[in-house]
Amino acid sequence: MVARDFPDLSRLLSPRSVAILGASERPRSVGSDTLLNLTEHSDFDGQIFPVNPGRERVHGLLAYPAISALPGPVDVAVVCLPADAVVGALRDCAAAGTGFAVVFTSGFGETGDEGRAAETEMAEIARQSGMRIYGPNSPGLSNINRRLGLTFSPVFKNDTLGGGIGLVTQGGGLGRAFIQASERGIGVGLWCSTGNEADLTMADVVHHMVGDPDIKVIALLAEGFRDGPRFLAAARAAARAGKPVVAMKVGKSDYGVAATRSHTAALAGSATVTSALFRQHGIVEVDDLDELIDTAALFERAGIARRQGICVYSFSGGTAALAADMVGSAGLTLSELAPDTRAGLRALAPSYAALENPVDLTTQVFTQDTLNRDCLSLVARDPATDVVLLPIPADYGPITDRSADDMVALAPDSAALLVPVWMSGHRAAGYSTLNAAGLAPFRSLGKAVTALKRLIWRGDWTASGIDAPSLPALPPGELDEAAAKAALAGLGLTVPEGRVVTSAQEADAAARGIGFPVVLKALVPGLLHKTEAGAVAVRLTDAEALAAAWDAITASLAAQGHRLDRALVERMEQGPGVEVMAGLHRDPVFGPVVSFGLGGVMVEALSDVTHRAAPFGRTEARAMIDEIRGRALLGPLRGRPGAELGALADLLVILAALGARGDIAEMDLNPVRAGPVGATVLDAVILRAPSNTEGKARQ
């Protein structure tokens with residue numbers, strides 16, 4: 001899918017005029033709550049037009065019988081009507097010159113074919129008229145920083161804490177749960193819940209938030225992606241702007257996939273592909289809602305920066321040891337405190353305190369009022385310390401209250417990031433102090449360390465360039481293995497020496513010319529899995545073995561209704577090497593995707609495969625190679641030389657360039673022999689894309 005330019009959402013998110021179709025005074029109705037949220041609970045000084053043909057006034061405002069009766073076009077029309085009236089209402093809105101329509105109504109794509117057909121009509125209305133449609137099946141939007149609610153939520157009036165987090169969801173309940181983290185001092189500045197996305201999608205909202213100076217971090221809760229390439233374009237824009245995106249993707253299990261389809265009709269896609277593409281684009285992926293809230297809040301406060309050294313600081317020796325152990329288990333690094341820092345601590349702390357790292361001040365902090373602040377100030381200025389992890393194991397009344405006060409006092413000017421952890425189930429005054437100051441403490445060490453790991457990963461991540469090579473066109477028509485390998489050789493890839501033969505006699509002559517041992521493969525139209533069909537023979541060391549293999553393959557194919565009219569005789573590749581696989585397919589969500597992993601039967605047995613959206617360059621290709629679990633097998637091992645990784649990277653870059661070109665539906669190179677002198681493609685399947693997709697690159 002070719003991405004359109006991203007729309008300007010200013011009139012949607014900061015309108016000057018709003019019409020509410022279906023405005024009502026009936027208590028607890030969508031039409032009533034929506035109007036009251038705008039008139040009583042928003043700071044909105046623009047024009048409001050209730051539309052209700054059965055009333056002259058609604059909640060004291062002059063009502064209009066239809067949107068066509070309004071004195072002029074409005075920025076936003078909010079549609080609070082039954083499902084069977086929505087499409088007609090949208091046509092009326094478009095005819096009246098409306099800028100945006102927000103559709104709350106459910107009962108569309110999530111219900112089946114008839115509902116999807118209605119959404120197709122909505123998309124066509126948007127395309128023809130230029131009016132953009134937000135929804136359907138959406139709870140609306142809350143621009144909390146501007147104190148504007150285009151929502152029917154009965155609790156919008158409580159959404160008073162804005163902030164630097166931009167929240168993008170497709171459903172309402174989980175988004176509302178995130179908003180209510182305001183009780184912990186975590187403020188959301190803008191919440192958009194896009195529903196079924198008949199027209200506008202999460203990608204459009206993410207792209208808007210990239211350019212919104214009030215938004216410091218984008219939190220994304222996705223059930224699926226209507227237009228994967230467009231979403232990735234928005235993610236690249238966020239990366240260029242240095243604005244972090246933290247995402248939670250629902251639909252990793254079969255149950256989750258089924259649930260998302262019934263909720264918002266979203267296409268969940270492959271969880272492994274989605275996760276890999278998130279990594280490729282610098283998106284921080286989390287696994288549950290608590291992690292999304294905690295991690296987004298941490299990024300809002302910390303931003304994107306290179307960080308490494310962590311100092312664990314506590315007044316409990318057991319707590320400090322546990323925290324240090326969790327830091328190490330997560331692959332993170334404890335800082336080595338500078339000599340001046342250690343000397344300063346020794347001058348202040350009791351002789352029996354642990355002052356290396358982790359730092360344990362002991363219960364001496366209970367009796368010396370300034371000890372904690374003085375020592376924490378030293379640690380926070382330590383040149384090797386980027387993060388101070390501050391676990392508070394229990395509530396000790398005024399002691400922990402004072403500790404919280406110290407963190408709040410030191411945090412604004414601290415060179416190191418202070419990360420408090422309130423481990424006690426007793427939410428005392430100190431806990432509230434930290435929340436009120438914007439230092440929302442984590443509620444467990446595990447969640448804190450996990451969030452820190454993600455913060456540090458994003459600080460180290462950099463976008464890689466796309467150095468896609470210019471490649472010749474593939475030959476026309478369908479390609480059997482021999483033709484596929486000839487095409488790959490023309491692209492600069494290494495394939496075994498081979499010849500196409502049509503008889504046992506020609507096979508014998510070819511083998512003698514190539515040199516034994518050889519491999520014999522049948523070339524049968526439509527037969528992709530030759531091994532399962534008994535159409536491959538390997539390690540044929542002499543003419544007798546080759547003749548026997550020819551007869552065996554002939555018999556095996558005959559039993560399946562095939563003839564052995566053509567075959568490929570190839571040199572049997574030997575020597576050190578590891579079998580890997582490289583593939584290209586058109587993902588239904590994200591478009592062309594390249595895959596890499598261990599090859600042969602290992603790809604099915606271990607599923608050790610990673611993915612990237614095409615195109616990409618050598619840096620990304622090397623990252624793919626490095627992140628498979630079996631990476632160590634590609635290095636030197638027990639006297640065996642390692643694989644030439646540069647050749648593997650070149651192969652992946654070529655596949656990525658082919659994918660971006662758009663004329664291949666699927667390519668499966670499995671196995672590829674990765675050896676010390678290069679990468680040799682031992683088996684190849686190339687399926688051409690339908691002609692109407694050729695030349696369509698990912699944009």
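Brief remarks on what is shown
- Where strands (runs of 3 or more DSSP E) fall wholly inside the stretch 1-111, the ranges with 2 or more residues that are over 34 Å from the mean Cα position of the chain (by Cα) are 17-21, 47-51.
- The residue that is surrounded by the fewest Cβ atoms within 10 Å (Cβ to Cβ), among those in the stretch 365-410 that are free of Cβ contacts under 8 Å to residues at least 24 places away in the same chain and under 20 Å from ARG342 (Cα atoms), is THR370.
Results for (1) over 21 Å from the mean Cα position of the chain (by Cα); (2) not polar (S, T, N, Q), shown as yes or no for each residue.
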| residue | (1), (2) |
| --- | --- |
| MET581 | yes, yes |
| PRO592 | no, yes |
| PHE596 | no, yes |
| THR619 | no, no |
| ILE628 | no, yes |
| ARG638 | yes, yes |
| GLY642 | yes, yes |
| LEU645 | yes, yes |
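- Condition met for ALA353 (over 20 Å from ARG373 (Cα atoms) and either touching a strand residue (DSSP E or B) at 6+ places or on another chain (Cβ under 6 Å) or modelled with pLDDT under 95 (or both)): no
- Considering the stretch 624-645, the residues that are surrounded by fewer than 18 Cβ atoms within 10 Å (Cβ to Cβ) and in contact (Cβ under 8 Å) with a residue 12 or more places away in the chain include one that is farthest from LEU471 (Cα to Cα), namely ARG640.
- Comparison of GLY189, GLY164, GLY140, GLY175 shows that the only residue that is out of contact with any helix residue (DSSP H, G or I) (no Cβ under 9 Å at 6 or more places or on another chain) and either surrounded by 21 or more Cβ atoms within 10 Å (Cβ to Cβ) or not assigned by TED's automatic domain parsing to the domain that holds SER14 (or both) is GLY175.
- If you check ALA643, ALA657 for being part of a loop (DSSP other than H, G, I, E, B) and among the small types (Gly, Ala, Ser), only one passes: ALA643.
- Of the residues making up the stretch 567-583, those that are surrounded by 12 or more Cβ atoms within 10 Å (Cβ to Cβ) and out of contact with any Asp or Glu (no Cβ under 8 Å at 6 or more places or on another chain) are ALA567, VAL569, MET572, GLU573, PRO576, GLY577, VAL578, GLU579, VAL580, ALA582.
- Odd one out for GLY112, checked against (1) on the phi < 0 side of the Ramachandran plot; (2) surrounded by fewer than 23 Cβ atoms within 10 Å (Cβ to Cβ): (1)
- Looking across the stretch 415-429, just one residue is without any contact (Cβ under 8 Å) to a residue 60 or more places away in the chain and closer than 17 Å to ASP340 by Cα, and that is ALA415.
- Under the condition of being of a type in the set (A, V, I, L, M), within 28 Å of LEU439 (Cβ to Cβ) and not in a loop (DSSP other than H, G, I, E, B), the residues counted in the stretch 176-231 number 13.
- Members of the stretch 610-623 that are within 18 Å of MET667 (Cα to Cα) and either buried (at least 22 other Cβ atoms within 10 Å of the Cβ) or free of Cβ contacts under 8 Å to residues at least 40 places away in the same chain (or both): HIS611, ARG612, ALA613, ALA614, PRO615, PHE616, ALA621
- Residues satisfying the stated conditions in the stretch 303-325, i.e. assigned to a helix (DSSP H, G or I), touching a strand residue (DSSP E or B) at 6+ places or on another chain (Cβ under 9 Å) and either in the same structural domain as GLY164 (by TED's automatic domain parsing) or not small (Gly, Ala, Ser) (or both): THR319, LEU322
- Residue match in the stretch 118-126 (condition: closer than 19 Å to ILE67 by Cβ, within 28 Å of the chain's Cα centre (by Cα) and among the small types (Gly, Ala, Ser)): yes
Every residue, every condition in (1) of a type outside the set (Asp, Glu); (2) free of Cβ contacts under 8 Å to residues at least 40 places away in the same chain; (3) touching a Cys at 6+ places or on another chain (Cβ under 9 Å), yes or no:
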position	(1), (2), (3)
VAL155	yes, yes, no
THR169	yes, no, yes
LEU174	yes, no, no
ASP199	no, no, no
HIS208	yes, no, yes
ILE215	yes, no, no
ARG226	yes, no, no
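- Filter pass, SER351 being surrounded by fewer than 21 Cβ atoms within 10 Å (Cβ to Cβ) and outside the structural domain of ILE628 (by TED's automatic domain parsing): yes
- Residues (among the acidic types (Asp, Glu) and not in a loop (DSSP other than H, G, I, E, B)) located in the stretch 386-410: ASP401, ASP405, ASP406
The values are calculated or read from the model by the stated rules, or taken from the named source; none is laboratory data. Everything numeric here is computed off the predicted structure, so don't read it as measured data. As a convention, Cβ positions derive from the backbone with ideal geometry for all residues, glycine included, and neighbour counts pool all protein chains shown.
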